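Shown next, in structure tokens, is the structure this report addresses.
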Amino acid sequence: MSADGAGTEHGDGGADEPGWDVDPDDESGVAVVAAVGRQIKAWREAAGLRAGEFGAAIGYGEDLVYKVEGGRRIPRPEFLDRADEVLGAGGKLAAMKKDVAEVRYPKKVRDLAKMEAKAVELLAYGDHNLHGLLQTDDYARALFGMRQPAYEQNEIERAVAGRADRRSIFERSPGPSLSFVQEEVTLRRPLGGRMVLRRQLQRLLEVGQLRNVTIQVMPTSREDHAGMQGETQVLKFGDGTAVGRSEGAFAGRPVSDPKQLRILELRYGMIRAQALTPRESLAFIEQVLGET
């Protein structure tokens with residue numbers, strides 16, 4: 001249920017964690033969650049427990065048990081751990097946490113996370129807001145909260161969680177080469193309020209110190225700008241292949257053809273050359289933080 005307290009499925013009266021509803025358009029996710037639900041139901045029935053009795057034993061409401069068993073709700077890790085213990089499944093239900101974790105987020109987010117996890121190099125120019133990998137949870141929450149048509153609260157929290165999960169790219173070893181160019185306005189627009197922006201700027205300064213990360217700022221005062229056609233991103237992989245996308249090229253579709261990728265790389269290279277240097281950029285971010 002939603003994080004505003006409308007849900008009361010959990011046995012202790014608190015709202016169930018938001019963002020765990022199954023996306024009906026995500027065929028692979030639906031199949032995984034349905035299979036997990038069937039297994040839980042089979043173990044429950046073999047134990048001779050009614051849904052309400054089982055829910056009470058693991059600390060969740062009967063309605064949530066039916067939703068999980070029916071494949072309409074993605075079970076939390078705690079749900080699977082308690083179910084495994086109560087039903088004596090010997091780790092078989094708890095072992096499904098990995099499968100469930102992979103379908104927790106929308107398919108397009110999972111696909112992007114998988115590509116980022118394989119990438120050895122990322123080139124990204126952002127004009128309206130900070131790149132998702134650079135965002136704090138509060139910044140991302142504010143950003144998703146401004147979408148129109150408006151997101152439901154559970155959709156917002158699911159999107160924020162998916163974005164946070166992608167940040168594991170900074171923990172990889174060896175780390176990929178990550179290059180970001182951000183418009184000055186993305187550092188000054190106080191999405192979510194002044195304190196959210198301050199924490200976001202502090203996060204940029206922290207990430208910008210990593211040896212494999214380069215953050216550059218494109219000043220609003222620049223008279224020449226190769227990025228006027230919109231956001232651009234290129235992901236390169238260890239086997240020599242790559243995929244890229246730009247709002248102002250190829251109808252905004254992802255491309256992998258070398259000739260098309262060369263155009264995006266040339267555009268990004270010019271954007272990068274026109275922006276402040278990495279050292280100048282970090283100093284600029286510190287200046288904006290001091291003014292915020």
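Taken together, the values in this text are just the output of simple stated rules run on the coordinates, not laboratory data. It should be emphasised that the depicted structure is a prediction, and the values quoted were computed from it without experimental measurement. Please note: Cβ atoms are built from the backbone with ideal geometry, for glycine as well, and neighbour counts cover all protein chains shown.
Per-structure values
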item: Positive-end extreme of charge dipole, the chain - chosen from A273, P219, F250 (charges on Cβ); result: A273
item: Pairs of lysine residues in the chain - Cα separation under 25 Å, sequence separation of 8 or more or cross-chain; result: 26
item: Of A161, L210, A140, farthest towards positive along the dipole that unit charges on Lys, Arg, Asp, Glu beta carbons give the stretch 107-291; result: A161
item: Kyte-Doolittle at least 0.0, axis length at least 18 Å by Cα - qualifying DSSP helices, the chain; result: 27-46
item: Beta bridge orientation in the stretch 107-291: antiparallel %, DSSP, nearest 5; result: 50
item: Point-to-point label distance, E171-S28, nm (Cα→Cβ direction, 7 Å offset); result: 2.2
item: Residue-span extension gain [E62 to A42] - 0.36 nm each, minus C-alpha spacing; result: 5.6 nm
item: The chain, dipole about Cα centre (Lys/Arg Cβ +1, Asp/Glu Cβ -1), debye to the nearest 20; result: 740
item: Those trypsin sites (Lys or Arg not before Pro) in the stretch 176-226 that DSSP places in a loop and that have at most 10 other beta carbons within 10 Å; result: R211
item: Whether the stretch 27-102 is rounded, prolate or oblate, judged on the alpha carbon gyration tensor where a/c under 1.5 counts as rounded; result: prolate
item: Length gained when the stretch T220-K107 is fully extended (0.36 nm per residue, less Cα-Cα span); result: 37.1 nm
item: Structure-derived mean projected area of the Cα convex hull in nm² - corresponding label in [x] 19.5; [y] 17.3; [z] 29.0; result: [y]
item: Within the stretch 27-102: Cβ-based charge dipole about Cα centre, in debye rounded to nearest 20 (Lys, Arg +1; Asp, Glu -1); result: 80
item: Theoretical FRET efficiency, 1/(1+(r/R0)^6), r = Cβ-Cβ of A35 and K118, R0 30 Å, to 0.05; result: 0.70
